[in-house]
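Presented below is the structure to which this report refers.
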Amino acid sequence: MKSSNPVFSRWGAGRDDATAGTFPRHPVGATAGGPAAGDRSVNPYAPEAGTDARTAGAPTAITMDDVVVHTATTLGTVVLTAVLSWILLPVDEADIGRSYGLAVGAALVAFVVSMVQCFRRTPSPALILGYAAFEGVFLGVISSAASTYIAPGVVVQSVLGTFAVSAGVLIAYRMRWIRVTRRFAGFVAAAATGFLLLLAADLLLSAFGAGNGLGFRSGGLGVLFGLLGILLGAAFLALDFRRVEDAVAYGAPREEAWLAAFGLTTTLVWIYLEMLRVLTVLNGDD
């Protein structure tokens, strides 16, 4: 099964389970009841025939600890630059224009860097951490403005909400309440495409003088659109968890932990921004 998140798409190619919705639970290099560990037609990361599958790839195969450490590093970079931008880029009336300009520029750079990484054959820690740094600048300014002009506690609420959604998805995934299948991935991809098209239309209408655009930034419609964004982020998080699980089960190279960190970070940023959208709309309508 391929994830809709392009960061993880390379892991799924040619390595899906025979039945949609099943999960690999075999040691690295072997399939349950299938070919031996040395059969690389089944697992391209399998050790050579005649070697011990438990130790042959141990120094280079990805582990869950690798994913946790790299994700913590990437998210830590986002948080650090967000805090610094909050402190160093004021959003008072005299400086808000300059701060917004820098935030938009940082967001564009982060987008370009993320696209470069997505089309690379191998993960680049420099690109991934660069993306995290520029994304943090954008989040810091946006969060500071929301806290200053809409509701002082909205950022803390958004962070707690993001943690709550992430924990809920993780629990649901581990309990198998969420079945990540090809149909699930296809539905999420279609929903995300429609969501992004609506968001683009809203921005274009607003930019060309259509007032509030499609109305996704205020009122009940704004709250509904934000909640849909949070649900999509939760679905992407489930897909990311499946990618990480498959990568560990199939013995992907350790460097691919950077891709896991990249994918998880982009999804968590998505959820945070949509949570911030919902809470600012609710507080703005009070």
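Residues 119, 163, 134, 195 ordered from highest to lowest accessible area at a 1.4 Å probe: 119, 163, 134, 195. Legend: residues 150, 96, 87, sorted from most to least accessible area (1.4 Å probe; ligands, DNA and RNA excluded), read 87, 150, 96.
The values are calculated or read from the model by the stated rules, or taken from the named source; none is laboratory data. Keep in mind the model is a prediction, meaning the values are calculated, not measured. For the accessible areas, the whole protein counts, side chains as well, though only heavy atoms, and no ligand, DNA or RNA atoms are used. Shrake-Rupley method; radii C 1.70, N 1.55, O 1.52, S 1.80 Å.
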